[in-house]
Each structure stands twice: as C-alpha cells, then as structure tokens.
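Visitor: Before anything else, here's the structure in question.
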Amino acid sequence: MSNKRLYFARNWQLYALLVLPLAYFLIFKYGPMYGILIAFQDYNLFKGITGSPWVGLDVFREIFGMSGFYEALRNTFLLNLLDLLVSFPAPIVLALLLNELAGRRFKKFAQTALYLPHFLSWVIIGGMMYQVFATNSGIVNELLGRLGVAPIPFLTDKYDWLVTYLAVGVWQSAGWGTIVYLAAIAGVNAELYEAAAVDGAGRLRRIWSVTLPGIRPTIVVLLVLKIGELVQIGFDRPFVLGNVSVRDFSEVISTFVYKTGIQTAQFSTATAVGLFQAAVGIVLLLGSNYLAKKITENGVF
C-alpha cells in the first residue's frame, strides 16, 4: 500500500467530516455564481438566464453613467472608512482595559453587557435608536429640553446622523470584537509579563511592550479583512437608521441596489453592481494583505 493510501486509510474520518462543509460551499456559495451571467444580459425573469439576450458590458456602462451610483459608492467608502477608524480600535482598547481588571465577577459582567448588543438585529436597534434619539420624542432630547437645551437633530441632520451612525456601530460591534482580542491576549506568554515587571515596567509599558506585540497577528488579520470590506456594506444598518433627510450620507451601494435593482425589477443592474463590489473588494483585500506582509516583515508594525 502506498503512503497516500495508507494515510487516507488512517485518516478517512477527517475527510468524511469535510463532506458537509464542502457540500455547503459548493451548493450555496459557488453554485449561485452562475447568476453572475445576468450582469451581462438584458435579463428577463420569464425567459431566464438561458433565454435572455446578451448585451455585453452595456449594463456596466449604464451603471457608470448614473450619478446616484457614484454618490452611493462615495458614501459606502466614507461610512466604511470612518467605521474602520472609529470601530476597529474600540474592541482593542476595551480588551486591554478588561484584561487589566482584577475582579472576575465584574469582568464577566462587563464582557456580557458589552457583547449582548451583537445579538440584536438592526431592526430592533433601529427602533431603539428612534426611541432614544428622535428629535421631538426621543429620551435624550426630552432630557435636554428639561435642562433648557435645544433639541439635537441626531437622526435628521446629516452630520449629527453620521456621528450617531458611528456611535451605534461601536456600541453594537465592539463587545464581540473584544472577545476575539481577549482570547488573543490569553495566549500571550505570562513569563513575558513577569520579566517586564522585574525590569521595572509599569502597566502601560507592559501593555505597550508585551500585550500589543503579542496580539499583533490578530490585529493584522482582522485589519486586512476589514480593509477588504471597504466597498462592501450591509443593507440593514444604513437602511434602518437612514431616512430622506440624511440621504446624502445614508444612500450606499446596498440601498442603491435595493432601490434601483430590486424595487424596479432591474435584476441585471443589481447583479452588475454586486459583481463590481466583489471585484473591488478582492483588489482591496489582496492589496491590504500585501501591504500587511511588507509592513510586518520590515518590523514597522
């Protein structure tokens, strides 16, 4: 029996465990890629993919000629970039703070309280935000009114809405990211902390010289993935929190696809925009991964 057959005979159970995950990806991830063809057709729902006429790149030319597309693309990059600057460091800071807490009970309570919002859907969060930040009936503005302060248009002024959008994003996602970084911190060698303490390093110095370098691989991987998603944005968050008054910022690629492609049954347009997003996302992902490797190899980060 050859080495390969002997290896397979000993480990066939591991390959058997891969059958269901592989079937899932083949059926639900790679199978639907057949629908990409719609982006190059004048798609007719009743004729289907095989019966719809081919139009080449005409759908993409039509999209790139829409002013609304560039506005949605700009807002997508803007919101994701601001999210990267605000939301990405938040779980790192929280993880560092929680790691320094001595009380186990309070630490567990804080972790639970922080990551619970992650399990709420954006529909529920949107309803909560309107109850809290509405201009006329929101809890915050009612309290401000009792203090003699003019109401703040958190959800109707586009700049105030932008701050609210980012703050809600941090509240919803920071707790879950904190768990990832706490797990990475737990893997840092404890002897390094002891050696640093012997050398006279204080808490801040130990965080800077031991903890952060120890979780650097995790930070780099998550940062690369985050950069790769700059052109991707979920539909629910901007759709639920957005409104007509803040359309200058809330209209993003996902809502553009919904309104232009789905509501008006322009399926070719929706597919073409999705394909464009995927192509740009791959370029950003590969580019950020290349830069991350160069930076870490040169010891800059």
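The values are calculated or read from the model by the stated rules, or taken from the named source; none is laboratory data. On a predicted model such as this, the values are computed, not experimentally measured, just so you know. Reconstructed Cβ throughout: ideal geometry from the backbone, glycine too, with neighbour counts over all protein chains shown. In case anyone asks, the SASA skips ligands and DNA or RNA and just uses the protein heavy atoms, side chains included. Shrake-Rupley method; radii C 1.70, N 1.55, O 1.52, S 1.80 Å.
Visitor: Just to be sure before I move on: is residue 11 over 30 Å from residue 216 (Cβ atoms) and either over 29 Å from the mean Cα position of the chain (by Cα) or not in a helix (DSSP H, G or I) (or both) in the structure I sent?
Guide: The answer is yes for residue 11.
Visitor: Would you pick out the residues in the stretch 221-262 that are of a type in the set (D, E, K, R), surrounded by fewer than 20 Cβ atoms within 10 Å (Cβ to Cβ) and more than 14 Å from the chain's Cα centre (by Cα)?
Guide: 247, 248, 259
Visitor: In the stretch 142-172, how many residues are open to solvent by less than 40 Å² (accessible area, probe 1.4 Å), modelled with pLDDT under 90 and polar (S, T, N, Q)?
Guide: Result for the stretch 142-172: 0.
Visitor: Could you list, in sequence order, all residues of the stretch 121-141 that are touching a residue at least 40 places away in the same chain (Cβ under 8 Å) and loosely packed, with under 12 Cβ neighbours inside 10 Å?
Guide: Scanning the stretch 121-141 gives 121, 123.
Visitor: Which pairs turn up if I take residues in the stretch 16-36 that are closer than 21 Å to residue 268 by Cβ and look for partners that are in a helix (DSSP H, G or I) and not aliphatic (A, V, I, L, M) with beta carbon separation below 7 Å, at least 6 apart in sequence or on another chain?
Guide: Every condition considered, the pairs that remain are 35/271; 36/271.
Visitor: With in contact with a Phe, Trp or Tyr (Cβ under 6 Å, 6 or more places away or on another chain), more than 30 Å from residue 136 (Cβ to Cβ) and open to solvent by less than 70 Å² (accessible area, probe 1.4 Å) as the only criterion, which of 187, 202, 175 stands out?
Guide: When all the criteria are applied, what remains is 175.
Visitor: Do any helices (runs of 4 or more DSSP H) entirely within the stretch 57-100 hold 1 or more residues that are open to solvent by 20 Å² or more (accessible area, probe 1.4 Å) and charged (D, E, K, R), and if so, which?
Guide: 58-64, 67-87
Visitor: Identify the single condition in (1) open to solvent by 50 Å² or more (accessible area, probe 1.4 Å); (2) touching a Pro at 6+ places or on another chain (Cβ under 7 Å) that residue 192 does not satisfy, given that it satisfies every other one.
Guide: Failed condition: (2).
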